[in-house]
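Asks: Got a structure for you, questions after.
The values are calculated or read from the model by the stated rules, or taken from the named source; none is laboratory data. Everything quoted here is computed from the prediction, not taken from an experiment. Protein only, heavy atoms only, side chains kept; ligands, DNA and RNA dropped before computing areas. Shrake-Rupley method; radii C 1.70, N 1.55, O 1.52, S 1.80 Å.
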Amino acid sequence: VGIETSLVVANYLLPEEYGDNAFFADRRAQQAQYLAEIRDRFDAPLMLAPLRRDEPIGLDELSAFGDEVTGLADVADADAPEVTPS
């Protein structure tokens, strides 16, 4: 339809630490195929969002999940530039 894609999000990805049987191995293999197709099809950054045990509820949980998915949770506050009123 001519809409430019600037970001692709793949969510509900099964983390490695969830299960170690044939079902989970098959699921991860299927996800790997889909991710390869996504990378081939889209010329845009890909954000990976893992499957969670619970849905994030409320602003604090959503914010923490966003920080985790974007990698911002790893950025220390000390590394952030100081913002002062001008």
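Asks: I'd like to check one number: the per residue accessible area of region 8-70, probe 1.4 Å, reported in Å² as a whole number.
Replies: On the way: 4840 Å² over 63 residues.
Heavy-atom accessible area per residue stands at 77 Å².
Asks: So, one more: Calculate one ³J(HN,Hα) per residue across region 32-41 by plugging θ = phi - 60° into the Karplus curve 6.51 cos²θ - 1.76 cosθ + 1.60, and present them in order as whole Hz with x for glycine and proline.
Replies: Calculated HN-Hα couplings, in order: 4, 5, 4, 5, 5, 4, 4, 4, 6, 7 Hz.
Asks: Would you please give the residues with an amide H less than 5 Å from that of L14, counting only those at least 5 places away or on a separate chain, with H modeled from the backbone geometry?
Replies: Amide H neighbours of L14: L51.
Asks: Still on this structure, I have one more. Carbon-plus-sulfur fraction of the accessible area of the chain, 1.4 Å probe, in percent? Present the calculation step by step, with values, prior to reporting the outcome.
Replies: Values: 3830 of 7260 Å².
Roughly 53 percent, rounded to a whole number.
Asks: So what is the 222 nm mean residue ellipticity for the chain from helices alone, if each DSSP H run of at least 4 adds -39500 (n - 2.57) and you divide by all residues, rounding to the nearest 500 deg cm²/dmol? Before the final figure, lay out the partial values.
Replies: Numbers: 2 runs with 33 residues, N = 86.
Helix-only estimate at 222 nm: -13000 deg cm²/dmol.
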